[in-house]
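Heads up: the structure comes next, in structure tokens.
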Amino acid sequence: MDTPYTPLALAAIVHAGKGSADALLLEFVQELRAKNYRVCGLVQGPEIQKEDHSLRTVQDLDKGTLYPITQNLGSESTACCLDIGALLEASEVLRQALESPADLVIVNRFGIMEADGQGFNNEIMALIDQGYPVLTVVAHTYLPAWREFTGGLAVELTPERQALWDWFESSRQTATPANRA
């Protein structure tokens, strides 16, 4: 007997370039909040130093706290500059979302760490398991890893406002708010 396909309330905005989906995502969060939806989680924050684009942050949507997630390894370094300790600290925002009445939880990226099976993967799975709709951003580079991670059950969105709204409305029917206040 075939099991019916049940989509997850999980989506990724698929983008082609660095930062190309961030403004759209922030505008979407503002629109949702203007309609009294509760949105929490992490988004890309401002660069720490404007002249050094490799020093990035993530920002807590509720408290505004910035988490520097990269470290300056010097101009000659070819190593990954992500700071594992800082990512772990920022992940607390997503774990706290599990105790909130959120209508949507944003996870800033499914990137290199998540593609390697680390990063915010555990938090994403816990949120989905508890019935929270989750929206993230993924670059074409990490799309195969995203598809493997989600078992192909997540929605892939074009970076367009209407696509986000259509998914959000359908995710409200898909999500099952287990243990949500």
Can you tell which of 73, 55 is surrounded by fewer than 14 Cβ atoms within 10 Å (Cβ to Cβ) and either modelled with pLDDT of 85 or more or in a loop (DSSP other than H, G, I, E, B) (or both)? 73
Would you tally the residues in segment 78-98 being part of a helix (DSSP H, G or I) and either at pLDDT 90 or above or hydroxyl-bearing (Ser, Thr, Tyr) (or both)? 7
I'd like the residue in segment 41-51 that is part of a strand (DSSP E or B) and open to solvent by less than 30 Å² (accessible area, probe 1.4 Å) and, out of all such residues, is modelled with the lowest pLDDT. 43
Any hit, segment 99-109, residues being part of a helix (DSSP H, G or I) and either open to solvent by 20 Å² or more (accessible area, probe 1.4 Å) or at pLDDT below 95 (or both): no
Among the residues of segment 138-152, is there at least one that is without any contact (Cβ under 8 Å) to a residue 24 or more places away in the chain and at positive phi? yes
Filtering segment 143-164 down to residues that are within 21 Å of residue 26 (Cβ to Cβ), open to solvent by 10 Å² or more (accessible area, probe 1.4 Å), of a type outside the set (D, E, K, R) and part of a helix (DSSP H, G or I) yields 162, 163
Would you pick out the residues in segment 8-40 that are over 23 Å from residue 127 (Cα atoms), assigned to a loop (DSSP other than H, G, I, E, B) and open to solvent by 80 Å² or more (accessible area, probe 1.4 Å)? 16, 18
Residue count for segment 112-142, restricted to those that are open to solvent by 10 Å² or more (accessible area, probe 1.4 Å) and assigned to a loop (DSSP other than H, G, I, E, B): 5
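The values are calculated or read from the model by the stated rules, or taken from the named source; none is laboratory data. This one's a predicted model, so the numbers in the text were calculated from it and none came from an experiment. Note that we place each Cβ from the backbone using ideal geometry, even for glycine, and neighbour counts take in every protein chain shown. These accessible areas exclude ligands, DNA and RNA; they are computed on the full protein's heavy atoms, side chains included. Shrake-Rupley method; radii C 1.70, N 1.55, O 1.52, S 1.80 Å.
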